[in-house]
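Take a look at the structure below.
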Amino acid sequence: MMSDFIFKKHKILFLNICENMDTYPQMRCASLYKDINGWEKKKFKFAEHVSGSDMSKWYGEWKKHINEYDTVFIGDGGRGPDIVAYLNKVNPNIRVILYYLDTIFPGHRCEPCNYKGLNCEMYTFDKENAKKYGIPFKHFYYPYMSLNNASQMENVNASISDNDVNDIFFVGQDKDRLAYLLQLKENFIEMGLSCDFHIKRDPHSMYWPWNKKHTFKDGISYDDVIGRIKGCRAILDIVQEGQHGITWRPMEAMCFGKKLITNFTDIINYPFYNPENIFVLGTREINELPSFVSKPLVKVDKSIMDEYVFENWLESFFTE
């Protein structure tokens, strides 16, 4: 039962990991750093690259209350080991958990080897990173997945009319995927599938006029993403090369009862995988897509969906 969760006995701080984790009164979400502007921002950027710099002067207001917490979660290593060293010093009894939401690449300041000798635990959403760095794998949760997610999915599906549906929806930043995404979109349209693509341009890349026609300078709000998910039959998920952890796209598909089209081949090893619901590009003939999209969804068992609920995800850190 919800009232029996062990985590409710703990005072928990979340730094740079998600904005909606303060559902319970003993939890707080905060940004690692305060707002930094002007000349101060230049000093901050310089200090980040100088070993031994005191970064704590730029930490947020949370540092004034750090002794009130017994557990702190930090997303993606918190931009470097200085934050863990600070916590170890200021509150030696606090439990520090680093959770990697992004794939770890060699040479990055948040690579696990940089935290050697510090008191912290590490977890990653990426199965290959888990093997490479010898840290536990733990998939992330999905904020819209609730403890009564079965009824939520039914309500969402019931609200959709055929007149409002696009066949395939994609949202995401270019990240060197533009040519592949546009080729897929062309293939889908040739097969008679309607598409709703919102590809955000990379901020420091150059785009020719033709590419600008197919991309957007700005992203869209997540409320808008949810609305467009509700109005599609299938979500397209294209992971970056070298990534071995699921994005939010498969969780969105589960939560809102949608088909999934993905290039993430490892997805067949996840408990929610069902070829009736998930089409893995490169392993099936692409001309099967119209039939795949039009067939009814096979309902995912609630016990599997429950693994991606925030409360169950958080509880796993206190029971294993």
remark   = Taking the range 278-308 and keeping residues closer than 20 Å to VAL225 by Cα and of a type outside the set (A, V, I, L, M) leaves TYR308
task = Taking the residues in the range 103-126 that are of a type in the set (D, E, K, R) and not in a strand (DSSP E or B) as candidates, determine which candidate is most open to solvent (accessible area, probe 1.4 Å).
result = LYS116
message = Suppose we filter the range 242-252 for residues that are in contact (Cβ under 8 Å) with a residue 24 or more places away in the chain and open to solvent by 10 Å² or more (accessible area, probe 1.4 Å); how many remain?
response = 5
ask   = Hey, does the range 263-285 have a residue that's under 15 Å from LEU178 (Cα atoms), out of contact with any helix residue (DSSP H, G or I) (no Cβ under 7 Å at 6 or more places or on another chain) and at pLDDT 95 or above?
value = yes
ask   = Mind checking which residues of the range 30-51 are open to solvent by less than 80 Å² (accessible area, probe 1.4 Å) and either assigned to a loop (DSSP other than H, G, I, E, B) or touching a Leu at 6+ places or on another chain (Cβ under 8 Å) (or both)?
value = ALA30, SER31, LEU32, ILE36, VAL50
ask   = Which of the residues spanning the range 52-102 are out of contact with any helix residue (DSSP H, G or I) (no Cβ under 6 Å at 6 or more places or on another chain), in a loop (DSSP other than H, G, I, E, B) and hydroxyl-bearing (Ser, Thr, Tyr)?
value = TYR69
query = Within the range 127-160, restricting attention to residues that are surrounded by 13 or more Cβ atoms within 10 Å (Cβ to Cβ), assigned to a helix (DSSP H, G or I) and among the small types (Gly, Ala, Ser), which residue is modelled with the lowest pLDDT?
reply = ALA150
task = Please verify whether the range 181-199 includes one or more residues that are out of contact with any Pro (no Cβ under 9 Å at 6 or more places or on another chain), part of a helix (DSSP H, G or I), surrounded by fewer than 16 Cβ atoms within 10 Å (Cβ to Cβ) and at pLDDT below 95.
result = no
Yes/no for TYR59 being open to solvent by less than 20 Å² (accessible area, probe 1.4 Å), aromatic (Phe, Trp, Tyr) and free of Cβ contacts under 8 Å to residues at least 40 places away in the same chain = yes
message = Pull out all pairs, ordered by first then second residue, where Cβ-Cβ is under 7 Å, the residues are six or more apart or on different chains, the first lies in the range 209-220 and is loosely packed, with under 13 Cβ neighbours inside 10 Å, and the second is among the charged types (D, E, K, R) and part of a loop (DSSP other than H, G, I, E, B).
response = LYS217/ARG201
key: Condition met for ASN129 (farther than 29 Å from ILE66 by Cα and in contact (Cβ under 8 Å) with a residue 12 or more places away in the chain)   = yes
request  = Among the helices (runs of 4 or more DSSP H) lying completely within the range 217-320, list those that include at least 2 residues that are among the aliphatic types (A, V, I, L, M).
outcome  = 222-230, 248-256, 289-294, 302-305
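The values are calculated or read from the model by the stated rules, or taken from the named source; none is laboratory data. Because the structure is predicted, anything quoted here is derived from the model rather than measured. Because the Cβ atoms are built from the backbone with ideal geometry, glycine has one as well, and the counts that use them run over all protein chains shown. The area values use the complete protein model at the heavy-atom level, side chains included, leaving out ligands, DNA and RNA. Shrake-Rupley method; radii C 1.70, N 1.55, O 1.52, S 1.80 Å.
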